[in-house]
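*Asks:* Got a structure for you, questions after.
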Amino acid sequence: MIKKKITNFEIASLNYFVTRAFLVGITFNALINVMKRDCWIMPLISIPLDIIFILIINKIIDYEPDLNLPQKVMKLFGKTLGTIILVLICIFILSMGILNYLTLNNFIQSQFLTRTPLIAIAIILIITIFYILCKGINVIARTSNILLFINIFLFIISFSGLISSFDFSNLKPMFQSTTNDYLSGLNSYYAFHIAPMFLLTMIPKNKVDKPKFKKTMIISTIISSITMFCVILATLSVLGYELTALYEYPEFHVLKQATLVGASSRIESILVIQLIFDIFIYCTLIIYMFGNSIKEIIKIKKKNIIYLIGCISLTVGTIYAAKYNIYVDSLMVKIIPIISTIFTAVTTLIIYFKVKIDTSTKKKKTSKS
């Protein structure tokens, strides 16, 4: 039986989710802390940076199309240096996964299941993630494909239901941020919106039917940026800056103002599912990359065991990090964006330039022969 290949649309859906994964409680909060009323403009002005990053990782994806990222790293850098790079990548992505999963569990507990222990919520969600991981990347891609349609549908309903509550005077005074504010905002946006696209380098190009990674990722990223722009704009214009800055999850609280057919529908609990899907797919891809990287380092054939270890690590790390929520919130705004930006930018560029050197060397050898 021939396995069905991943489609370009499924790649687009994965990219859509990972670029929005930190929106709830992280990206928005980091932006409003730095740029205040001007944060709505960041998703639009960062689109050129989105495209530059996509062009860079597309070169990595094109290299040795039958290999995933860990295999490419091992081939490019050798066993010793390759192992060090993969270990660092594993530590980094697992840390970001814990941060993201902690946000999801805190959100669910604080808004819906206030009497349920955090560990119970974390275990229930991780079981679902583990089940999908065991089915492989094709099922992960198809799952994201299905969730994308639900996500877009809920987004349209949410935004349409909020239009009648818009008050653009809440955005004034505009453009009061300094150059440093914009740079800090761009750093946060890169760390939580652009950098997660690196996860898609895990998918070998030859597993995709008629692959068009560059075009697909650019289009899906622009759509993702537009939806994030709409979410931030709607939240600020409906709640105002003061309330938005006060709430821990303003993206959720603004949905309480959504109305359908002229009447308040109190459907925020349903509409917010779209934001939960983003984190769910991101955490799934985190464990997928973690598992395949560890497999390449220690040569274990049974991926499911590594996925189980990854899921346990994510859950235990989340429960432990929950004890220091106050410090995590502070780090999320000030320190983590800088660490994420430096690590992903340096790692991506190192791999990118190594790919260029290796490709150039092969071309020279071919021309001589």
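The values are calculated or read from the model by the stated rules, or taken from the named source; none is laboratory data. These numbers come from a predicted model, not from an experiment. Cβ sites come from the backbone with ideal geometry, for glycine too, and all protein chains shown count toward neighbours. We work out accessible area using only protein heavy atoms, side chains counted, and drop any ligands, DNA or RNA first. Shrake-Rupley method; radii C 1.70, N 1.55, O 1.52, S 1.80 Å.
*Asks:* Sort Tyr190, Tyr247 by accessible area with a 1.4 Å probe, largest first. It would help to have the intermediate numbers written out before the result.
*Replies:* Values: Tyr190 20, Tyr247 75 Å².
Result of the area sort, largest leading: Tyr247, Tyr190.
*Asks:* Right, something else. Once both labels are modelled 7 Å past Cα along the beta-carbon direction, what's the Leu88-Lys210 spacing in nm?
*Replies:* The modelled label-to-label distance comes out at 4.0 nm.
*Asks:* Multiply the residue gap between Ser160 and Ile300 by 0.36 nm, knock off their C-alpha separation, and tell me the result in nm, one decimal place. Numbers along the way, then the final one.
*Replies:* Numbers: separation 140, 0.36 × 140 = 50.40 nm, distance 4.97 nm.
Taking Ser160 through Ile300 to full extension adds about 45.4 nm, to one decimal.
*Asks:* Residue-wise, which Karplus ³J(HN,Hα) couplings in Hz belong to region 189-195, taking 6.51 cos²θ - 1.76 cosθ + 1.60, θ = phi - 60°, and x for glycine or proline?
*Replies:* Per-residue couplings from phi come out as 5, 5, 4, 9, 10, 8, 4 Hz.
*Asks:* Which order do Ile150, Ile287 take when ranked by solvent-accessible area (1.4 Å probe, heavy atoms of all protein chains), largest first? Write down the numbers at each step before the final one.
*Replies:* Numbers: Ile150 70, Ile287 0 Å².
Largest accessible area first, the residues go Ile150, Ile287.
*Asks:* Enter the accessible area per residue of region 93-155 (Å², integer; probe 1.4 Å; all protein chains in place). Walk me through the numbers on the way to the answer.
*Replies:* Details: 2780 Å² over 63 residues.
Here the per-residue accessible area is 44 Å².
*Asks:* Starting from the residue with the highest accessible area, list Tyr307, Tyr324 in decreasing order, probe 1.4 Å. Please report the intermediate quantities before stating the final value.
*Replies:* Values: Tyr307 5, Tyr324 100 Å².
Order by accessible area, largest first: Tyr324, Tyr307.
*Asks:* Considering only protein heavy atoms and a 1.4 Å probe, what is the carbon-and-sulfur percentage of the accessible area of region 1-121? Mind showing how you got there, number by number?
*Replies:* On the way: 3150 of 4620 Å².
Using a 1.4 Å probe with all protein chains present, region 1-121 comes out at 68 percent carbon and sulfur.
*Asks:* Pairs of alpha-carbon atoms within less than 8 angstrom and 6+ residues apart define the contacts here; what relative contact order does the chain have, in percent? Provide the component values of the computation, followed by the final result.
*Replies:* On the way: 446 pairs, mean separation 144.2, N = 369.
Taking the mean separation of contacting Cα pairs over the length of the chain, I get 39 percent.
*Asks:* From the P(r) of region 34-163, could you give the percentage of C-alpha pairs in the tail past 21 Å? Mind showing how you got there, number by number?
*Replies:* Numbers: 5808 of 8385 pairs.
Pairs farther apart than 21 Å: 69 percent.
*Asks:* How high is the relative contact order of region 162-313, in percent, counting Cα pairs under 8 Å that sit 6 or more residues apart?
*Replies:* Working: 79 pairs, mean separation 38.0, N = 152.
So the answer I get is 25 percent.
*Asks:* Which links in Lys205/Lys365; Lys135/Lys356; Lys334/Lys356; Lys75/Lys364; Lys75/Lys207 stretch past 26 Å when you go from one Cα to the other? Let's see the in-between values first.
*Replies:* Values: Lys205/Lys365 24 Å; Lys135/Lys356 34 Å; Lys334/Lys356 34 Å; Lys75/Lys364 19 Å; Lys75/Lys207 19 Å.
Among Lys205/Lys365; Lys135/Lys356; Lys334/Lys356; Lys75/Lys364; Lys75/Lys207, the Cα-Cα distance tops 26 Å for Lys135/Lys356; Lys334/Lys356.
*Asks:* From the Cα gyration tensor of region 142-254, with a ≥ b ≥ c the square roots of its eigenvalues, which class applies: rounded if a/c is under 1.5, or else prolate if a/b is larger than b/c, or else oblate?
*Replies:* Values: a/c = 2.70, a/b = 1.58, b/c = 1.71.
In terms of gyration-tensor shape, oblate.
*Asks:* Starting at the first residue of region 246-251, write each ³J(HN,Hα) from the Karplus equation 6.51 cos²θ - 1.76 cosθ + 1.60 with θ = phi - 60°, in whole Hz, x for Gly and Pro.
*Replies:* 6, 6, 6, 10, x, 5
*Asks:* Could you check which residue among Gly291, Gly240, Gly78 shows the biggest mean-square fluctuation in a GNM of the chain with a 10 Å Cα cutoff?
*Replies:* Checking each option, the largest mean-square fluctuation is seen for Gly78.
*Asks:* OK, next. Say R0 is 35 Å: what FRET efficiency, to the nearest 0.05, do Phe149 and Lys365 get from their beta-carbon distance? List each step's numbers first, then the result.
*Replies:* On the way: r = 47 Å, r/R0 = 1.35.
With a Förster radius of 35 Å, E is 0.15.
*Asks:* State, as an integer percentage, the relative contact order of region 38-156 based on alpha-carbon contacts under 8 Å between residues 6 or more apart. Walk me through the intermediate numbers first.
*Replies:* On the way: 24 pairs, mean separation 10.0, N = 119.
Over region 38-156, the number comes to 8 percent.
*Asks:* Over region 273-362, average the accessible area per residue using a 1.4 Å probe and give it in Å², no decimals.
*Replies:* Using a 1.4 Å probe on heavy atoms only, each residue of region 273-362 averages 49 Å².
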